[in-house]
Amino acid sequence: MIKINNLTKIYQSKDKQVVAFDNINLDIGEGEIFGVIGPSGAGKSTLIRCLNLLEEPTAGEVIIDGQDITKLSTYKLREARKEMGMIFQRFNLLKSRTVADNVAFPLEIAGKTKREITIKVAELLELVGLADKANNYPSQLSGGQQQRVGIARALANDPKVLLCDEATSALDPETTHSILELLKKINDKLGITIVIITHEMEVIKEICTKVAVLDKGTIAEHGDVIDIFTNPQAEVTKRFIERVINANVPEELLSRVTVANPDKGRLVKVSFIGESAAKPMVSELVHNFAIDANILYGNIDKIQGTPFGTLIIELTCENPSIIEDGINYLVEELEVKVEVIENEGSVLSSN
Ligand SMILES: Nc1ncnc2c1ncn2[C@@H]1O[C@H](COP(=O)(O)OP(=O)(O)OP(=O)(O)O)[C@@H](O)[C@H]1O
């Protein structure tokens with residue numbers, strides 16, 4: 001649906017250049033909810049504004065539904081922009097217009113008839129749950145309600161893509177959740193592709209299917225949200241994930257890591273995802289291998305219905321080679337990831 005090829009944006013002022021991002025490549029599939037996360041200054045806002053050419057890229061291509069919009073004439077670009085709605089952190093509503101008239105605005109510009117506008121506005125306000133606020137002014141609404149108006153307005157011309165620039169950053173967690181639920185509903189119901197720029201990993205975790213991590217103007221990594229959460233590679237990604245999931249072994253555990261009898265014990269970190277989360281790994285170790293398995297720490301979380309988590313288990317057995325058999329069993333039969341942890345907390349071996 002959206003293909004970004006070798007995209008670069010350099011801001012040029014009199015005496016200096018700022019590279020907002022350099023040589024970015026991304027592929028966003030039809031119907032995806034695609035998140036772009038990154039620290040402040042990473043280039044997120046500039047990138048999303050380049051997707052509808054609110055900002056002109058310095059080099060590269062932005063291909064939307066097969067056409068490179070960087071090459072379009074002004075008229076054709078205006079038409080192409082109708083296929084892309086956008087919502088903003090500060091809502092950007094017209095204060096002197098009612099809710100209904102705000103939603104009507106893009107339809108008026110598109111030259112729709114009064115009757116068409118009335119029908120469409122009513123339909124959109126119903127969709128975003130604001131049918132009873134049609135005649136209110138933006139100042140009479142909460143932040144979450146104003147963003148709902150922003151969403152209704154962005155959908156007025158039946159776009160194929162909805163661009164969301166920090167759309168929940170000005171909202172409290174509960175309102176953020178309700179707006180994300182609405183975006184999910186819109187994605188399900190209308191099949192619209194959604195691109196979300198955010199600095200909040202919670203937002204990615206809650207609704208995105210794919211994510212790209214932007215850092216200092218380049219893509220640090222990208223992929224399925226569940227893969228990035230369970231196996232982050234870049235340091236910047238690990239930092240973001242730590243804020244929402246405590247996947248690290250607590251310090252106090254690491255300091256007491258030895259197993260009373262180092263020759264007969266091992267401390268392992270077991271990471272599991274999806275179906276493997278439901279497997280009875282501890283009882284299998286105890287029953288099949290006569291290994292004592294003492295759970296020291298555990299957490300479990302869910303991303304869009306898929307459970308994943310970590311267990312820190314102390315394994316002890318009179319015969320150390322049986323522990324190795326038990327670890328192999330976990331990896332090969334139960335298909336979980338096992339890391340053996342040393343006293344200092346570093347990983348000895350990983351399967
Ligand atoms: N109009 C501009 N003129 C010059 N430099 C700019 C302009 N807009 C952004 N930049 C610079 O480009 C870089 C990327 O900025 P951008 O706003 O895209 O980052 P961001 O990831 O969205 O950050 P934030 O989360 O803080 O909004 C920054 O170094 C910023 O200072």
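A few notes on this one:
- Rg(Cα) / (2.2 N^0.38 Å) computed for the chain, rounded to two decimals: 1.23
- Coupling constants for the range 30-41 follow from the phi torsions by the Karplus curve (6.51 cos²θ - 1.76 cosθ + 1.60, θ = phi - 60°), and in residue order they are 4, x, 6, 10, 9, x, 10, 10, x, x, 4, x Hz; glycine and proline get x.
- Value of [θ]222 nm, deg cm²/dmol, for the chain, DSSP H segments ≥ 4, -39500 (n - 2.57) each, nearest 500: -10000 deg cm²/dmol
- When all alpha carbon pairs of the range 59-186 are counted in 5 Å bins from zero, the resulting P(r) reads 2, 11, 20, 21, 19, 13, 9, 4, 1, 0 %.
- Sites Glu123 and Leu72 - FRET efficiency at Förster radius 35 Å, r taken between beta-carbons, to 0.05: 0.75
- Virtual paramagnetic centre 7 Å along Cα→Cβ of Ala134, amide N under 18 Å, in the range 86-114: 97-108, 112-114
- Secondary structure note: in the chain, about 70% of the DSSP beta bridges are antiparallel.
- Computed label-point distance, nm, for sites Ile109 and Asp172 using a 7 Å Cα→Cβ extension: 3.3
- Over the range 119-203, Cα pairs under 8 Å with separation of 6+ residues give a relative contact order of 30 percent.
- Cα gyration tensor shape of the range 1-135, rounded if a/c is under 1.5, else prolate or oblate by comparing a/b with b/c: prolate
- Using a Förster distance of 51 Å, the FRET efficiency for Ser96-Glu252 (Cβ separation, nearest 0.05): 0.30
- Take each peptide in 95-103, 111-119, count the other Cβ atoms within 10 Å of every residue, and average; sorted highest first, the result is 95-103, 111-119.
- If R0 is taken as 35 Å, the Cβ-Cβ distance between Asp27 and Ser142 corresponds to a FRET efficiency of 0.40.
- Between the Cα long axis of helix 99-109 and the first principal axis of the chain there is an angle of about 70°, rounded to the nearest 10.
- Charge dipole of the range 2-244 (Cα centre as origin; +1 on each Lys and Arg Cβ, -1 on each Asp and Glu Cβ, all else neutral): 840 debye, rounded to the nearest 20.
- Only Lys, Arg (+1) and Asp, Glu (-1) charged, at Cβ; the range 62-173 dipole about Cα centre in debye: 380
- DSSP-assigned coil residues among chymotrypsin sites (Phe, Trp or Tyr not before Pro) in the range 65-156, each with at most 15 further Cβ atoms within 10 Å: none
- Length gained on full extension, Leu54 to Asn231, computed as 0.36 nm times the residue gap minus the Cα-Cα distance: 60.2 nm.
- For the residue pairs Lys44/Lys205; Lys3/Lys76; Lys76/Lys216; Lys112/Lys184, the alpha carbons lie more than 22 Å apart in Lys76/Lys216; Lys112/Lys184.
Readers should treat all values here as calculations from the given coordinates under stated rules, not as data from a laboratory. Because the structure is predicted, anything quoted here is derived from the model rather than measured. Virtual Cβ from ideal backbone geometry, glycine too; neighbours counted across all protein chains shown.
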